[in-house]
Amino acid sequence: YNSEHDVDSRLSLLHELTVADHLAVSVSVSESCSVYDAAVTMFLEDTGTLFVVNDGRLVGVLSRKDLLKVTLGGGDTKAMPVTLAMTRVPHIVTITPEASLYDAAVLMVRHEVDALPVVKNDDTGTGFAVVGRVSKTTITRAFVELGQRYTV
Ligand code: ADP
């Protein structure tokens with residue numbers, strides 16, 4: 001049996017996992033992308049969240065339900081820009097590479113979102129440069145890795 005101390009020290013490891021070490025590749029589309037093309041990208045790239053960027057800077061986030069909602073309204077999705085459907089900066093919850101994966105999970109739970117853009121705050125003050133993504137899948141993977149490392 002493990003002593004309670006062992007269990008505590010193992011669990012404290014949870015806070016040492018960093019976002020940087022668990023970065024997933026982010027899939028981005030430009031502001032001028034159509035709702036139709038965004039949906040195709042979502043399928044092809046097998047992702048549930050797209051980041052909308054302008055000149056490498058984050059301007060919005062597009063989820064599956066955002067696309068579903070705008071599509072249900074009818075209309076020509078090839079003529080609709082994603083900007084119509086996305087959630088915009090400054091309403092986007094982001095995280096930095098230095099943060100812990102635990103902090104990312106807390107934010108996703110608190111804000112009820114499936115993914116966070118991992119961003120570097122640029123010095124020029126012109127916005128966030130996206131360097132990657134963390135999602136609920138990222139957290140699940142890390143959880144499984146921890147479980148495999150510490151099988152009793
Ligand atoms: P879905 O809507 O497909 O279940 P989410 O739960 O991630 O996916 O998204 C819910 C809403 O929150 C959507 O309108 C989406 O644009 C928005 N959203 C997604 N990610 C973020 C984020 N990191 N910060 C702020 N809003 C987000």
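So here's what we get for this one:
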item	result
Residue pairs meeting the criteria (Cβ under 7 Å; at least 6 apart or on separate chains; first farther than 16 Å from V52 by Cβ, in the stretch 66-80; second open to solvent by 70 Å² or more (accessible area, probe 1.4 Å))	K78/Y36
Residue tally, condition among the basic types (K, R) and assigned to a helix (DSSP H, G or I), over the stretch 109-152	4
Looking only at the stretch 1-48, and only at residues there that are charged (D, E, K, R) and part of a helix (DSSP H, G or I), the one that is least open to solvent (accessible area, probe 1.4 Å)	D6
Which numbered condition L116 fails, given (1) open to solvent by 50 Å² or more (accessible area, probe 1.4 Å); (2) within 8 Å of the ligand (Cβ to nearest atom); (3) more than 20 Å from S32 (Cα to Cα); (4) not β-branched (V, I, T)	(1)
Criterion (under 21 Å from L50 (Cβ atoms) and at pLDDT below 95) met by exactly one of G127, G132	G127
Pick from the stretch 65-91, criterion assigned to a loop (DSSP other than H, G, I, E, B) and away from the ligand (no atom under 13 Å from the Cβ), ranking: surrounded by the fewest Cβ atoms within 10 Å (Cβ to Cβ)	G74
Selection from the stretch 52-64 of residues that are more than 10 Å from the ligand (Cβ to nearest atom) and polar (S, T, N, Q)	N54
Residue in the stretch 92-104 that is least open to solvent (accessible area, probe 1.4 Å), counting only those that are more than 8 Å from the ligand (Cβ to nearest atom), farther than 14 Å from A24 by Cβ and of a type outside the set (S, T, Y)	A99
Only listed residue being over 14 Å from the mean Cα position of the chain (by Cα) and not basic (K, R), chosen from V82, V25	V82
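The values are calculated or read from the model by the stated rules, or taken from the named source; none is laboratory data. This structure is a prediction, so every number in the text was calculated from the model and none was measured. We place every Cβ from the backbone using ideal geometry, glycine too, and count neighbours over all the protein chains shown. Quick note on the areas: whole protein, heavy atoms, side chains included, nothing else; ligands and nucleic acids left out. Shrake-Rupley method; radii C 1.70, N 1.55, O 1.52, S 1.80 Å.
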